[in-house]
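The structure appears right after this line, and notes come after that.
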Amino acid sequence: MSRTDDTYTDVSTIAANANASKADYFVALHRNSADAAAATGIEVLICSKASQTAREMAEAILARVVGVGGSNRGVKVQDYRTTVLQKTTMLACTVELLFISNSNDNAMFDSKFNDYAQAIAKGICDIAGDSGTGGIVVKNGWIQE
């Protein structure tokens with residue numbers, strides 16, 4: 001986890017730390033925002049250099065997270081919003097988890113936060129060849145077995 005509060009961390013630093021960790025997967029978690037308060041849902045972003053396996057991870061995570069609650073906005077290739085993903089060396093995606101600018105999305109996020117965390121972990125397990133039932137726990141943003 002690169003941060004636990006709303007302070008800015010340079011994306012190059014985040015990517016360098018992720019690469020130095022030798023992790024197999026990188027998932028950035030964001031809250032989406034829009035001028036229109038009616039904007040709602042969940043999307044997962046990948047960059048244009050993403051492998052087919054990274055796309056499959058994004059799709060698996062999206063399916064699991066939407067299963068918890070929220071409309072499916074799809075997997076999107078958007079380089080201008082995925083600078084950190086372009087700099088990482090492992091499978092990577094950004095989960096835009098509901099809209100902070102939508103009061104209903106905020107209420108759902110708050111009430112189902114742990115369920116969303118578990119869904120993201122299970123989505124990773126789906127492509128990693130693990131059923132996701134082997135004692136996965138998400139604690140303070142880290143996946144533990």
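Some notes on this structure:
- Failed condition for residue 86, given (1) part of a strand (DSSP E or B); (2) open to solvent by 40 Å² or more (accessible area, probe 1.4 Å); (3) modelled with pLDDT under 95: (1)
- The residue pairs whose first member lies in the range 95-112 and is touching a residue at least 40 places away in the same chain (Cβ under 8 Å), whose second member is outside any helix (DSSP H, G or I) and of a type in the set (Asp, Glu), and whose beta carbons are closer than 6 Å, counting only pairs six or more residues apart or on different chains, are 96/43.
- Cβ pairs under 8 Å, 6+ apart, first in the range 9-31 and among the aromatic types (Phe, Trp, Tyr), second assigned to a strand (DSSP E or B) and at pLDDT 90 or above: 25/91; 25/92; 26/91; 26/92; 26/93
- Scanning the range 73-83 for residues that are outside any strand (DSSP E or B) and within 20 Å of residue 99 (Cβ to Cβ) returns 78, 80, 81, 82.
- For the range 46-62, residues that are out of contact with any helix residue (DSSP H, G or I) (no Cβ under 6 Å at 6 or more places or on another chain) and either buried (at least 16 other Cβ atoms within 10 Å of the Cβ) or in a loop (DSSP other than H, G, I, E, B) (or both) total 8.
- Residue list for the range 89-112, filter: open to solvent by 30 Å² or more (accessible area, probe 1.4 Å) and closer than 23 Å to residue 11 by Cα: 89, 91, 100
- Leading residue by the ranking (least open to solvent (accessible area, probe 1.4 Å)) among those in the range 11-42 that are over 20 Å from residue 54 (Cβ atoms), touching a helix residue (DSSP H, G or I) at 6+ places or on another chain (Cβ under 9 Å) and of a type outside the set (S, T, N, Q): 41
The values are calculated or read from the model by the stated rules, or taken from the named source; none is laboratory data. In this text, all values refer to a predicted model and were calculated from it rather than measured experimentally. Virtual Cβ from ideal backbone geometry, glycine too; neighbours counted across all protein chains shown. Surface accessibility is based on the protein's heavy atoms, side chains included, excluding ligands, DNA and RNA. Shrake-Rupley method; radii C 1.70, N 1.55, O 1.52, S 1.80 Å.
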